[in-house]
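Student: One structure, pasted below without further comment.
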């Protein structure tokens, strides 16, 4: 028959199991505000003692021998994790695009007093004033000043767009460096999880940190994530293993000879990462650096070239205020927004401005004709400078609104997914307090069982004499 001390062993296992369960609940409560923490729950399993022998009744064979906590489970919905990573990657893409358009808006400064539209107004109006008083030095000085300000506005805007492009290029290198660092950290956690799991230890906290790292790299690039049986992760990028518990591979950036911009390569074999198959923040940096910003630089150049060509064509047909009057040369130097400048000879001598069509005193016909260029299709032969620039600003506004709309929708979707994730993996303080009370009562009952068995043993040892 079973030993009299079996009851003590059952009570002992019960107290140990309930104590472990209370420790798990305490751990949940302590980490209720920890980012990335997943609720843990103890798994109880009954213990049985195989009893045999001639004098053991059949009903007492395999008698229960208490309880044990054989595992602490991490509560996590993998399907929600996959959804969150996918939608976070899309959200990161559109957030980067939205920030890029916001920066272009700041550079162009529209609407505002520092934008190109204000410089256009002053430039065309100064030609209008010169046409009224073509022989006064004040009107000529005003024209030279406003023209120089217009050229500087084009130069500065082009420089700022180029600088923004260079900054995005540096962000590419920074993001690749961050991904590499996260891959190393994932590898370290994989090794710890594999080692701890093999010895039967609890790996839940390590897996939470692993999930956080995977979430971070998934916002930058489209990694395929595979969970292994031992709780480690294997990450693939375009069919290549980037990290597992055996090792890791890194990315690198090298300057493209044709553009002087960074391209991303696999460090192991030097093959370029195909960004057309990518999503996330890094793809957005490439798209904005290589497509969006060059588009607006092209718009700016087209606008500057239209003004340079139109003004120079009319100005070269007019006569200066010099004695004797001579045909005017080019008014603007340069071939685009980057190098547009007022002819240095004009800035040195305002009388070289050709405002007259005949050279006769008081003739401001050429100045008036240049002022009318404001309403002439100078840009590509299809749009006036003002209309073209307004079209660019309207396009920018529409693109920014679209990026904001998509990003806002992604944020709403992510909030809903986070709520679903929290309902599964989040810590409910009310639920944990209820569990603590339940485990405490079970512990107290096991302690009472110990006292009862102690009294029974006392009877057997001291009273049955």
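Just so it is clear, none of the values below were taken in a lab; they were calculated from the coordinates. Note that the structure is predicted; figures quoted are calculated from it, not measured. Cβ: placed from backbone, ideal geometry, glycine included. Neighbour counts: every protein chain shown.
Student: If each DSSP helix of 4+ residues adds -39,500 (n - 2.57) and the sum is divided by the residues in the chain, what number results at 222 nm, nearest 500 deg cm²/dmol?
Tutor: -20000 deg cm²/dmol
Student: Computed over the Cα atoms, what is the radius of gyration of the stretch 208-321 divided by 2.2 N^0.38 Å, N being its residue count?
Tutor: 1.79
Student: Report, to the nearest 10°, how far helix 6-30 tilts away from the longest principal axis of the Cα atoms in the chain, using its own Cα long axis and a range of 0 to 90°.
Tutor: 10 degrees
Student: Sticking with this one: What do you get for the angle between helix 116-132 and the principal long axis of the chain? Use alpha-carbon atoms, 0 to 90 degrees, nearest ten.
Tutor: On a 0 to 90 degree scale, this one is about 10.
Student: What is the spin-label model distance, in nm, from residue 411 to residue 152 if the labels are put 7 Å beyond Cα along the C-beta direction?
Tutor: The modelled label-to-label distance comes out at 3.8 nm.
Student: Now, a different point. Rounded to two decimals, what is Rg over Rh for the stretch 291-337 when you use alpha-carbon atoms and the Kirkwood radius?
Tutor: 1.23
Student: Once label points are set 7 Å from the Cα along Cα→Cβ at both residue 377 and residue 420, what is their separation, rounded to one decimal in nm?
Tutor: The modelled label-to-label distance comes out at 5.3 nm.
Student: Which value, in nm² and rounded to one decimal, describes the direction-averaged projected area of the C-alpha convex hull of the stretch 283-410?
Tutor: That works out to 9.7 nm².
Student: If every alpha-carbon in the stretch 93-138 counts as one equal scatterer, what log10 I(q)/I(0) does Debye give at q = 0.20 1/Å?
Tutor: Results for the stretch 93-138 at q = 0.20 Å⁻¹ read -0.71.
Student: Further question on the same structure: Quick check: residue separation of residue 459 and residue 45 times 0.36 nm, minus the Cα distance between them. What number comes out in nm?
Tutor: Result: 145.8 nm gained on full extension.
Student: So what's the convex hull volume per residue for the Cα atoms of the stretch 375-465, in Å³?
Tutor: 109 Å³
Student: Under the classification rounded if a/c is under 1.5, otherwise prolate if a/b is larger than b/c and oblate if not, where does the stretch 46-198 fall, given a ≥ b ≥ c as square roots of the Cα gyration tensor eigenvalues?
Tutor: prolate
Student: Given axes a ≥ b ≥ c from the Cα gyration tensor, I'd like to know whether the stretch 193-244 is rounded (a/c under 1.5), prolate (a/b larger than b/c) or oblate.
Tutor: oblate
Student: Seen from all sides and averaged, what is the projected area of the convex hull of the Cα atoms in the chain, in nm²?
Tutor: 33.3 nm²
Student: Then there is this: Convex hull volume of the Cα atoms in the stretch 119-170, per residue, in Å³?
Tutor: Hull volume normalised by residue count: 47 Å³.
Student: Run the numbers for residue 351 and residue 339: contour at 0.36 nm per residue of separation, minus the present Cα-Cα distance, in nm.
Tutor: Fully extending the segment from residue 351 to residue 339 adds 1.9 nm.
Student: Next question. Across every pair of different alpha-carbon atoms, what Kirkwood hydrodynamic radius in Å does the stretch 133-258 reach?
Tutor: 18.6 Å
Student: With just the Cα atoms defining each centre, how far is the stretch 256-335 from the stretch 160-223? Give it in Å.
Tutor: Computed from Cα coordinates, the inter-centre distance equals 36 Å.
Student: Test of understanding: what is the full-extension gain from residue 138 to residue 246, defined as 0.36 nm times their sequence separation minus their Cα-Cα distance?
Tutor: 31.0 nm
Student: Between 0 and 90 degrees, rounded to the nearest ten: what's the tilt of helix 385-425 against the longest Cα principal axis of the chain?
Tutor: With both axes taken from Cα atoms, the answer is about 0 degrees.
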